[in-house]
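Quick notes on the structure that follows.
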Amino acid sequence: MLEHIGQLVLIGLSAILIKNFVLYYFVGICPFLGVSRRVSTAFGMGCAVTFVISIAAALSWIFTTFVLRPGAPLSTWAWRMVGGDPQTVVDLSILSYIVYIFVIASSVQFVEMYVRKFFPPLYKQFGVFLPLITTNCAILFACLEILKHVSGVDDASRWGLDSALVLAAGGGIGFTLAISIMAGIREELDHCDVPAPLQGAGIALLVAGILAMAFMGFTGVDRGLAALLFSSGA
């Protein structure tokens, strides 16, 4: 039990700091640069992405575990119901991308309706970037990471729903942290004398690169924490 909790801690910490989706894998760059002009807007976008990525991760794990992976129980049952060979291993993982995109799009639609109804000013600030969460590759990346740890692995190594949700929540929190820091820096840059050639996207990309290098300082923290949690003397 304690070992499993330790694994969850490592998954979440890695997604937030060590292997931040934006600053380590460089996914989700579009909203990271487009909605990071004001801290309030950036924080709202981060919360929306965290909510969507959590829902998408849960649904992706359910679909992958019970339908898409090789030998999934529901797809195997359906195959046998239509008279298929019982010895055949049904593998629908080729449909993963299509299923994940539909899951993400429906989750984003739900969030958009909620924000439009209860937070109209925030909805106006998001503009086109809220529906564009559908194309935020950070969410699809989380779904594919879940696929990697659910499909084609042995039962002992297969992720449960808790691991998938921790990865998604950690990735969303990491995204919120990165975009909020970026927004705070860009707000301060509005009061600075930025050289004309670097104004706009130029200085934003430079700041993003410096942030990525700063987050590299967390490299190895997961190994040290794993050694602490799982040492024989613990």
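Restricting to helices (runs of 4 or more DSSP H) lying wholly in the range 95-151: which have 2 or more residues that are farther than 19 Å from A164 by Cα, open to solvent by less than 60 Å² (accessible area, probe 1.4 Å) and in contact (Cβ under 8 Å) with a residue 24 or more places away in the chain?
It comes to 96-118, 120-126.
Residue by residue through the range 1-13, note down the ones that are open to solvent by less than 20 Å² (accessible area, probe 1.4 Å) and at pLDDT 90 or above.
G12
Filter the range 186-197 for residues that are of a type in the set (A, V, I, L, M, F, W, C) and open to solvent by less than 60 Å² (accessible area, probe 1.4 Å) and give the result.
L189, V194
Please state which one of A56, A15 is closer than 30 Å to D155 by Cβ, of a type in the set (A, V, I, L, M), touching a residue at least 60 places away in the same chain (Cβ under 8 Å) and in contact with a Cys (Cβ under 8 Å, 6 or more places away or on another chain).
A56
When you look at T76, is it among the hydroxyl-bearing types (S, T, Y), touching a residue at least 60 places away in the same chain (Cβ under 8 Å), assigned to a helix (DSSP H, G or I) and open to solvent by less than 50 Å² (accessible area, probe 1.4 Å), yes or no?
no
Return only the number of the condition from (1) in contact (Cβ under 8 Å) with a residue 12 or more places away in the chain; (2) among the hydrophobic types (A, V, I, L, M, F, W, C); (3) closer than 20 Å to L17 by Cα that M213 does not satisfy.
It is condition (1) that M213 fails.
The values are calculated or read from the model by the stated rules, or taken from the named source; none is laboratory data. Model, not experiment: these values are computed from the prediction. As a convention, Cβ positions derive from the backbone with ideal geometry for all residues, glycine included, and neighbour counts pool all protein chains shown. With ligands, DNA and RNA removed, areas are computed over all heavy atoms of the protein, side chains included. Shrake-Rupley method; radii C 1.70, N 1.55, O 1.52, S 1.80 Å.
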